[in-house]
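> What follows is a single structure, and I will ask about it in a moment.
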Amino acid sequence: MDLYEAIYKRKIVRDFKEQIVPDDILEKIINAGIQAPTHDHLRNWEFVIIQDKKDKEKVLQFIKKGVEPQLEILKQILVDGTLQQKMYAIAMPRQYSMLYNASHIILPFFKSNSGVMNPTSVSSLNPISSIWCVIENIFLAASAEGLACSMRIPVGEEGLNVAKTVKAPEDYLLPCYIGLGYPADNKPFVGQIEYTAQQKMHWGKW
Ligand SMILES: Cc1cc2nc3c(=O)[nH]c(=O)nc-3n(C[C@H](O)[C@H](O)[C@H](O)COP(=O)(O)O)c2cc1C
């Protein structure tokens, strides 16, 4: 698939078919991830892959499932809300299922340093900036394979708890969970605010 086609087809998907991604495709996608630019030349990234349902339950146990009381409000938002609110209304109730029902959960870890959690400039965040290049490569490679990804950012202690559960070294952090799989045919349409490049380009000055 042409790169531009993969870019335009890439969408965050939260509903998957019950179909397992073959190991060679998974490996190809991780390989695309580690071609990303790296701030320190070292590519200090590691990937924990979870496929077994029991292992998924262990890793996902820290995701709060407390959206049930809000479901009626969320349904109303799906009718009346702005595009952004509608996206939340689709995404929130799926935070667990969009990972559990994916063929694989990929946990991308990056080696942290003292600057990441106490930044004094944008460059203090280089380790996290680099892993996000990796993550986007994974998304695009998945798209090129006809697959899709879900993603969740761990909140509060969630990431540290997941890292402990999978026995990651203490200096490695989890920027997000990635669910990888075949998108379901009946997934809801998530509208997006559309922009053109011309609306975003500022020639010479803002
Ligand atoms: C930094 C970042 C954090 C995000 N966090 C979440 C999340 O916690 N849960 C979720 O379901 N989606 C999350 N998303 C996905 C966005 O909701 C999604 O990218 C956005 O709605 C645009 O849709 P698209 O990626 O399909 O174009 C996140 C995306 C980014 C870049």
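> Please identify the pairs in which a residue from the stretch 163-184 that is in contact (Cβ under 8 Å) with a residue 60 or more places away in the chain has its Cβ atom under 8 Å from the Cβ atom of a residue that is acidic (Asp, Glu) and outside any helix (DSSP H, G or I), counting only partners at least 6 apart or on another chain.
Once the first residue is in contact (Cβ under 8 Å) with a residue 60 or more places away in the chain and sits in the stretch 163-184, its partners that are acidic (Asp, Glu) and outside any helix (DSSP H, G or I) give Ala168/Glu46; Tyr172/Glu46; Pro183/Asp15; Ala184/Asp15.
> Looking at the stretch 1-21, which of its residues are within 16 Å of the ligand (Cβ to nearest atom) and either β-branched (Val, Ile, Thr) or outside any loop (DSSP other than H, G, I, E, B) (or both)?
Within the stretch 1-21, Tyr4, Glu5, Ala6, Ile7, Tyr8, Lys9, Ile12, Val13, Phe16 qualify.
> Filter the stretch 96-105 down to residues that are within 11 Å of the ligand (Cβ to nearest atom) and surrounded by 18 or more Cβ atoms within 10 Å (Cβ to Cβ), then give me how many there are.
Counting residues in the stretch 96-105 that are within 11 Å of the ligand (Cβ to nearest atom) and surrounded by 18 or more Cβ atoms within 10 Å (Cβ to Cβ) gives 2.
> Moving to a separate point now. May I ask you to list pairs of residues, at least six apart or on different chains, whose Cβ atoms are under 6 Å apart, with the first in the stretch 35-55 being in contact (Cβ under 8 Å) with a residue 40 or more places away in the chain and the second being surrounded by 15 or more Cβ atoms within 10 Å (Cβ to Cβ) and of a type in the set (D, E, K, R)?
Asn44/Lys111; Ile50/Lys56
> Step by step: first the residues of the stretch 106-144, then only those that are within 12 Å of the chain's Cα centre (by Cα) and β-branched (Val, Ile, Thr), then the one that is surrounded by the fewest Cβ atoms within 10 Å (Cβ to Cβ). Which residue is that?
Going through the qualifying residues, I end up with Ile135.
> Quick test of your reading of the structure: Ala148 fulfils all but one of (1) modelled with pLDDT of 95 or more; (2) out of contact with any strand residue (DSSP E or B) (no Cβ under 8 Å at 6 or more places or on another chain); (3) under 18 Å from Ala184 (Cα atoms). Name the failing condition by number.
Only one criterion is unmet by Ala148, namely (2).
> Could I ask something else about it? Kindly indicate the residue of the stretch 145-190 that is surrounded by fewer than 19 Cβ atoms within 10 Å (Cβ to Cβ) and of a type in the set (Gly, Ala, Ser) and also nearest to the ligand (Cβ to nearest atom) among those meeting that condition.
Gly156
> Still on this model: Just checking, how many residues over the stretch 82-95 are more than 28 Å from Ile20 (Cα to Cα) and either acidic (Asp, Glu) or surrounded by fewer than 17 Cβ atoms within 10 Å (Cβ to Cβ) (or both)?
4
> Could you tell me whether Ala144 is in contact (Cβ under 8 Å) with a residue 40 or more places away in the chain, under 17 Å from Val21 (Cα atoms) and touching a helix residue (DSSP H, G or I) at 6+ places or on another chain (Cβ under 8 Å)?
Yes.
The values are calculated or read from the model by the stated rules, or taken from the named source; none is laboratory data. These numbers come from a predicted model, not from an experiment. Quick reminder, even Gly has a Cβ in these numbers, built from the backbone with ideal geometry, and neighbours come from all protein chains shown.
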